[in-house]
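What follows is a single structure, written as structure tokens, with notes after it.
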Amino acid sequence: MTELRQRVAHEPVAPPEDKSESEAKVDGETASDSESRAESAPLPVSADDTPEVLNRALSNLSSRWKNWWVRGILTLAMIAFFFIIIYLGPMVLMIIVMCVQIKCFHEIITIGYNVYHSYDLPWFRTLSWYFLLCVNYFFYGETVTDYFFTLVQREEPLRILSKYHRFISFTLYLIGFCMFVLSLVKKHYRLQFYMFGWTHVTLLIVVTQSHLVIHNLFEGMIWFIVPISCVICNDIMAYMFGFFFGRTPLIKLSPKKTWEGFIGGFFATVVFGLLLSYVMSGYRCFVCPVEYNNDTNSFTVDCEPSDLFRLQEYNIPGVIQSVIGWKTVRMYPFQIHSIALSTFASLIGPFGGFFASGFKRAFKIKDFANTIPGHGGIMDRFDCQYLMATFVNVYIASFIRGPNPSKLIQQFLTLRPDQQLHIFNTLRSHLIDKGMLTSTTEDE
């Protein structure tokens, strides 16, 4: 008996299990559980989705050159499609932006669904798409109220929806929030909150940026086409320079990116931006803001071009004069702004692609999807475009956009007569004080 007591006394006593840790294991998966499952997820082997016609035509080439030709042919096809939708007008462009947004959202949500094995989470996909609907209702409702103000005020149902738009949007979100709380399952708490955050970050990245694309389009199609074209040009030229001259790796996140491609893409994009801006600045259909005509119930892009799109003479610095022999040059002021746009597209825009590369490496996937052979998913093509859209919107708000008289008049006409009279008297007094109206006008 004494010997047994001595053995018990010398045996190490197990420390008491941390209550919070045990509760976490009972109530739901720990963070390490979910992360380990994501880490252990095998790298999917992408099937060869190249069209059979191209496979047969390029069968004698090495994989490197075969990929080059596949990417090149499909890039030309996408550029041709881009020209077609531009020709079809702003309404079609808005629909395409909406379709791209939905597809990008689907690709990112599907990755989370597969990586975290969220097959048993109740209502996960339903709630994800419901939140997408709510956020789009909020953003596009704001756009409709802003740009179609007269039409909204003319129709009673639209006027009511416009007046209480934000309250309705918040109510819709609250319904989704309550549905999420009610869907919580004891054994999946932490994973469900992971996916809740995943959905909201995806909405922030995809829906918010596509909304800014629409706003840029309303400023004039040139603010939509030039930035997108600069990103496309930089992507193509960086690939071309890297393919033929690339030797020095640029960043570990994208091993195929090289300094030669990065620098070559920058100079090519700046030149391309200047040339494209010069061509487009001469056409009203590109430079005029997209407005809604209440008489014809259609979009119009006809206006008197602003000074931004009128040719002006600029003096060339003396150092450059000695090289090219010119003292002045005639160019559109918008071309100067295009240098800023193309510089951002080629120097900062690629970091959107690097971010996407890091995201894919974190979850051991090659592409977001296999929608486009040789290019991956739609999100693989638009990772830089969304970052560019935000920059363009901020640039316009900071350096270009001013007060819009037509919108002010539209809002003025919706006020009550006494409010209109008060604004009229205030404006008249202000103009008299500044000497723009005489006292005779006031007496009359």
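The values are calculated or read from the model by the stated rules, or taken from the named source; none is laboratory data. Keep in mind that what you see is a predicted model, and the values were worked out from it rather than measured. Because the Cβ atoms are built from the backbone with ideal geometry, glycine has one as well, and the counts that use them run over all protein chains shown. Accessible surface is based on the protein model in full, side chains and every heavy atom, while ligands, DNA and RNA are left aside. Shrake-Rupley method; radii C 1.70, N 1.55, O 1.52, S 1.80 Å.
Things to note:
- Among the residues of segment 284-313, the ones that are over 23 Å from Thr143 (Cβ atoms), in contact with a strand residue (DSSP E or B) (Cβ under 8 Å, 6 or more places away or on another chain) and either open to solvent by less than 40 Å² (accessible area, probe 1.4 Å) or at pLDDT below 90 (or both) come to 0 in all.
- Search result, residues across segment 279-311 that are out of contact with any helix residue (DSSP H, G or I) (no Cβ under 6 Å at 6 or more places or on another chain) and over 16 Å from Pro90 (Cα atoms): Val279, Gly282, Asp295, Glu304, Ser306, Asp307, Arg310, Leu311
- Segment 410-420 - residue that is open to solvent by 100 Å² or more (accessible area, probe 1.4 Å) and assigned to a helix (DSSP H, G or I) and, of those, farthest from Phe149 (Cα to Cα): Pro417
- Looking only at segment 228-259, and only at residues there that are basic (Lys, Arg) and more than 23 Å from the chain's Cα centre (by Cα), the one that is modelled with the highest pLDDT: Arg247
- Residue match in segment 260-283 (condition: touching a Phe, Trp or Tyr at 6+ places or on another chain (Cβ under 8 Å), modelled with pLDDT under 90 and of a type in the set (S, T, N, Q)): no
- Looking only at segment 349-401, and only at residues there that are over 20 Å from Phe105 (Cβ atoms) and small (Gly, Ala, Ser), the one that is nearest to the chain's Cα centre (by Cα): Gly349
- Scope segment 160-178; condition modelled with pLDDT of 95 or more and aliphatic (A, V, I, L, M); matching residues: Ile168, Leu172, Leu174, Ile175
- Elements of the type helices (runs of 4 or more DSSP H) sitting completely within segment 59-168 and holding at least 2 residues that are among the acidic types (Asp, Glu), open to solvent by less than 70 Å² (accessible area, probe 1.4 Å) and within 22 Å of Asn297 (Cβ to Cβ): these cover 124-147.
- Looking across segment 252-270, the residues that are aliphatic (A, V, I, L, M) and open to solvent by less than 50 Å² (accessible area, probe 1.4 Å) come down to Ala268, Val270.
- Selected residue [touching a residue at least 60 places away in the same chain (Cβ under 8 Å), over 26 Å from Glu107 (Cα atoms) and among the β-branched types (Val, Ile, Thr)] from Ile228, Ile263, Ile222, Ile214: Ile222
- Among the residues of segment 288-316, those identified as of a type outside the set (Asp, Glu) and touching a Ser or Thr at 6+ places or on another chain (Cβ under 6 Å) are Asn293, Asn294, Phe309, Asn315.
- Residue match in segment 232-246 (condition: touching a residue at least 24 places away in the same chain (Cβ under 8 Å), crowded, with 19+ Cβ neighbours inside 10 Å and of a type in the set (Ser, Thr, Tyr)): yes
- Lys187 open to solvent by 30 Å² or more (accessible area, probe 1.4 Å) and not in a helix (DSSP H, G or I): no
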